[in-house]
Amino acid sequence: FQTPHLSDRTSKLQIQLFRALVLQATVPLFTAYAPIACCCELPFFGLNFPIFSVVCPTFCAMHPVVDSCIMISTVSQFR
């Protein structure tokens, strides 16, 4: 996908930034929201996994690290 008013380099950078943005928007689903949702919702169904209370803070703390790793790995200007 090429736009006529952008240079080749700028177009590639925009695509890389878009991919990074999409990944940064979806990663919190797995690192922050899903573990907390499981921790809160599973007891309603009669399931008790105490490991979620240990895993939830770890996943939430991992989010900033994973977020920066996504940016470093997807955008070639930052490598």
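Just a few scattered comments:
- Cβ-Cβ contacts under 7 Å between residues 6 or more apart (or on different chains), taken from a first residue in segment 5-20 that is under 11 Å from residue 77 (Cα atoms) to a second residue that is assigned to a helix (DSSP H, G or I) and of a type outside the set (Phe, Trp, Tyr), are listed as 13/77; 16/74; 16/76.
- Any hit, segment 41-48, residues being out of contact with any strand residue (DSSP E or B) (no Cβ under 7 Å at 6 or more places or on another chain), open to solvent by less than 90 Å² (accessible area, probe 1.4 Å) and in contact (Cβ under 8 Å) with a residue 12 or more places away in the chain: no
- Failed criterion for residue 37 (all others in (1) within 30 Å of residue 76 (Cβ to Cβ); (2) at pLDDT 85 or above; (3) not charged (D, E, K, R) hold): (1)
- Residue 4 passes every criterion in (1) at pLDDT below 85; (2) not in a loop (DSSP other than H, G, I, E, B) apart from (2).
- Of all residue pairs spaced 6 or more apart or on separate chains, none has beta-carbon atoms under 7 Å together with a first member in segment 63-79 that is at pLDDT below 85 and a second member that is surrounded by 15 or more Cβ atoms within 10 Å (Cβ to Cβ) and among the acidic types (Asp, Glu).
- Flag for residue 32 being in contact (Cβ under 8 Å) with a residue 12 or more places away in the chain and over 20 Å from residue 76 (Cβ atoms): yes
- Residues that are surrounded by 15 or more Cβ atoms within 10 Å (Cβ to Cβ) and of a type in the set (Gly, Ala, Ser), drawn from segment 12-29: 20
The values are calculated or read from the model by the stated rules, or taken from the named source; none is laboratory data. Every value quoted in this text rests on a predicted model; they were computed, and no experiment measured them. Here Cβ is always computed from backbone atoms with ideal geometry, including for glycine, and neighbour counts include all displayed protein chains. For the accessible areas, the whole protein counts, side chains as well, though only heavy atoms, and no ligand, DNA or RNA atoms are used. Shrake-Rupley method; radii C 1.70, N 1.55, O 1.52, S 1.80 Å.
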